[in-house]
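**Student:** After the structure tokens below, expect a handful of questions from me.
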Amino acid sequence: MHRRLSHAALPVLLTAALTAAITACAPAEDDDAADNGSGGTGETASCDVADLPLLTDGTLTIGTDSPAYEPWFADNDPTNGKGFESAVAYAVADRLGFAADDVTWVTVPFNNSYAPGEKKFDFDVNQVSISPERAQAVDFSRGYYTASQAVIALDDSPVSDASSVADLADYRLGAQTGTTSLTAIRDVIQPGDDPLVFEDTNAAKQALLNDQVDGIVADLPTALYITAAEIPKARIVGQFQVAEDQTEQFGLLFEKGSGLVPCVDEALDALEADGTLADLEQQWIPAATAVPELP
């Protein structure tokens, strides 16, 4: 999932060519998504900071898009450590042995992050779903967040009464280009009309308000933020996975062959084992227990 949210403060409620061929933000056509792209092929002497294969010695360079949206970031500032993905990035950096001052951020458009070629970051964090298609061009860490897709509609729209994925097929739907949300519309919902494709989530939200679409699809945390903080007259119709019996996971993204992947995986394993990932998710991502699952 992916995005153009305003940055109005969220109450503690939220305290949350391969390029052309590879569709989108939320991915995962595979139950073992975390294994699909994980594992750089480069050799790393050890996970000591001095031995890490970095763009700049002593500095961890992290990429993300701009604007950086809630609940993944806060105040469009990835450097403040606020928002789930910013907090995870700094937690990983700490585990690797970097002080916060040793971390620098660069702007990377979402669709460029998983394109083949050299990268200007050590890793990128931007709700990028792990998928076999993307893993042909880049490497991924193990997953740090398990996602699902969600349909957003205005309260008075007939699509808000849909109770199954099949019920959505007759409506006008849209999502951001290059995202698994768009893939989910095309491959899972399979609407009668082609989905509208938007440059970013802000454009998708405006289209919903302008009645250009009946519903938009985004990853669930983004949908929760939109309905809670940005379009209160909208609701989440329901959530679903992009493939039956499979879960979608977001992973940190690396240049293909990066030797940094095993060390970052080790850091994520430690953050999961000591409960840090769960604590950060609870702190920054709104609860999703009340969102119905669409069969």
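The values are calculated or read from the model by the stated rules, or taken from the named source; none is laboratory data. Keep in mind that this is a model prediction, so the values were computed, not measured. In this analysis, Cβ positions are derived from the backbone assuming ideal geometry, glycine residues included, and neighbour counts consider all displayed protein chains. For the accessible areas, the whole protein counts, side chains as well, though only heavy atoms, and no ligand, DNA or RNA atoms are used. Shrake-Rupley method; radii C 1.70, N 1.55, O 1.52, S 1.80 Å.
**Student:** Can you pull out every residue in the stretch 75-93 that is open to solvent by 20 Å² or more (accessible area, probe 1.4 Å), of a type in the set (S, T, N, Q) and within 17 Å of the chain's Cα centre (by Cα)?
**Tutor:** The answer is Asn76, and nothing else.
**Student:** Among the candidates Ile226, Ile236, which residue alone is of a type in the set (A, V, I, L, M, F, W, C), open to solvent by less than 10 Å² (accessible area, probe 1.4 Å), under 19 Å from the mean Cα position of the chain (by Cα) and over 30 Å from Gln136 (Cβ atoms)? Show your work before the answer.
**Tutor:** Working: Ile236 fails: open to solvent by less than 10 Å² (accessible area, probe 1.4 Å).
Selected residue: Ile226, the only one of Ile226, Ile236 that is of a type in the set (A, V, I, L, M, F, W, C), open to solvent by less than 10 Å² (accessible area, probe 1.4 Å), under 19 Å from the mean Cα position of the chain (by Cα) and over 30 Å from Gln136 (Cβ atoms).
**Student:** Name the single residue that is nearest to the chain's Cα centre (by Cα) among those in the stretch 172-221 being of a type in the set (Gly, Ala, Ser) and either more than 19 Å from Leu154 (Cα to Cα) or open to solvent by 10 Å² or more (accessible area, probe 1.4 Å) (or both).
**Tutor:** Gly178
**Student:** Filter the stretch 46-63 for residues that are of a type in the set (A, V, I, L, M) and open to solvent by 70 Å² or more (accessible area, probe 1.4 Å) and give the result. Before you say what the answer is, go through the steps one by one.
**Tutor:** Just the residues of the stretch 46-63 that are of a type in the set (A, V, I, L, M), to begin with: 49-50, 52, 54-55, 60, 62.
Selection gives Ala50, Leu55.
**Student:** Can you say whether Leu154 is at pLDDT 95 or above, more than 25 Å from Gly83 (Cα to Cα) and buried (at least 23 other Cβ atoms within 10 Å of the Cβ), as far as the supplied structure shows? Full working, then the answer.
**Tutor:** Numbers: at pLDDT 95 or above: yes; more than 25 Å from Gly83 (Cα to Cα): yes; buried (at least 23 other Cβ atoms within 10 Å of the Cβ): no.
Taking the combined requirement at face value, the residue does not satisfy it.
**Student:** Only one of Trp105, Trp72 is surrounded by fewer than 22 Cβ atoms within 10 Å (Cβ to Cβ) and either under 13 Å from the mean Cα position of the chain (by Cα) or among the aromatic types (Phe, Trp, Tyr) (or both). Can you tell me which? Outline the logic, then answer.
**Tutor:** Numbers: Trp72 fails: surrounded by fewer than 22 Cβ atoms within 10 Å (Cβ to Cβ).
Of the residues listed, the single one that is surrounded by fewer than 22 Cβ atoms within 10 Å (Cβ to Cβ) and either under 13 Å from the mean Cα position of the chain (by Cα) or among the aromatic types (Phe, Trp, Tyr) (or both) is Trp105.
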